Amino acid sequence: MEAKIAVQLFSVRDDCAKDFYNTLKEVAKIGYQGVEFAGYYEKSAQELKKMLNDLNLKVAGTHIRINDLLGDELKKTIEFNKIINNKYLIVAVLPEEIRNSRERWIENAKLFNKISEEVRKEGMYVGYHNHAFEFQKIDGQYLWDIFFKNTISEVVMQLDTGNAMRGGVMPGELIEIIKRYPGRALTVHLKEFSSSNDKAILGEGDINWREFLKTCNEIGKTEWYIVEQESYAYQPIECIKKCYENLKNILYSIK
């Protein structure tokens, strides 16, 4: 099954803050099939559901805090995301105080395993998204690998390509990361990295997108390619449009 294309709405956060519905409308007009949330702009789940249905947009996931998945908050999170028909609950980052040692990362892995068992009862997945620091090493091993080697296969590995490369990962190693965890890259963040242009959009930098996307499709079992752009050579909405067009051309060249 070919992965669908979504955009992380953090890419157009200022536009969303000014006019959320019309920003979603522009996203749909570009051709994106879905969106990933990083906040809900004071909209209820019912309001979001109506907007998405009106625009024929799906939910590719949401970025949330770990606290949203603990205790009484977990039930609220599940209920909200069931309404908007989202099954991917992705923790955007872990607080520094619980990620400052190898032992803490192993404890975090056990916590995610427990949360995964709970949300899977509702047909959902919990996952983790990287920044650069997860590719620091302890005893010769990436923090990323310490975590994912201690999580069950249902915990989603949301690799952010640009963040990983900012952490020191080389382009070819992005592919190896997907291969190390087959079937676990159900959603991936497609973010460009360029050593010479910090405003490069997808397709203009150092990443071998053809090989990376082929690996995601064949080994990662990726369901959603999620475009994210955090630096802007143009207006943000124009940037994500160019990213989409370039991505479609790359995907077409793979077929």
request  = Read through the list (1) free of Cβ contacts under 8 Å to residues at least 40 places away in the same chain; (2) closer than 21 Å to ILE226 by Cα, then give the number of the only condition that ASN108 fails.
outcome  = (2)
remark   = Residue hits (region 124-178; part of a helix (DSSP H, G or I) and free of Cβ contacts under 8 Å to residues at least 24 places away in the same chain) are GLU173, GLU176
message = Could you check region 217-255 and list, in sequence order, the residues that are part of a helix (DSSP H, G or I) and in contact with a strand residue (DSSP E or B) (Cβ under 6 Å, 6 or more places away or on another chain)?
response = ILE240, CYS243
query = Is one or more of the residues making up region 26-45 surrounded by 15 or more Cβ atoms within 10 Å (Cβ to Cβ), in contact with an Asp or Glu (Cβ under 6 Å, 6 or more places away or on another chain), at pLDDT 95 or above and not hydroxyl-bearing (Ser, Thr, Tyr)?
reply = no
inquiry  = Out of the residues in region 54-86 meeting the condition of being over 18 Å from the mean Cα position of the chain (by Cα) and basic (Lys, Arg), tell me which one is farthest from GLU97 (Cα to Cα).
reply    = LYS82
request  = Look at region 76-101 and say how many of its residues are at pLDDT 95 or above, part of a helix (DSSP H, G or I) and either under 22 Å from ILE146 (Cα atoms) or touching a helix residue (DSSP H, G or I) at 6+ places or on another chain (Cβ under 6 Å) (or both).
outcome  = 3
message = Which residue is surrounded by the fewest Cβ atoms within 10 Å (Cβ to Cβ), if the candidates are limited to region 50-75 and must be among the hydrophobic types (A, V, I, L, M, F, W, C) and under 19 Å from LEU111 (Cβ atoms)?
response = LEU70
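The values are calculated or read from the model by the stated rules, or taken from the named source; none is laboratory data. All values reported here derive from a predicted model rather than from experimental measurement. Every residue, glycine as well, gets a Cβ built from its backbone with ideal geometry; the counts of neighbours run over all protein chains shown.
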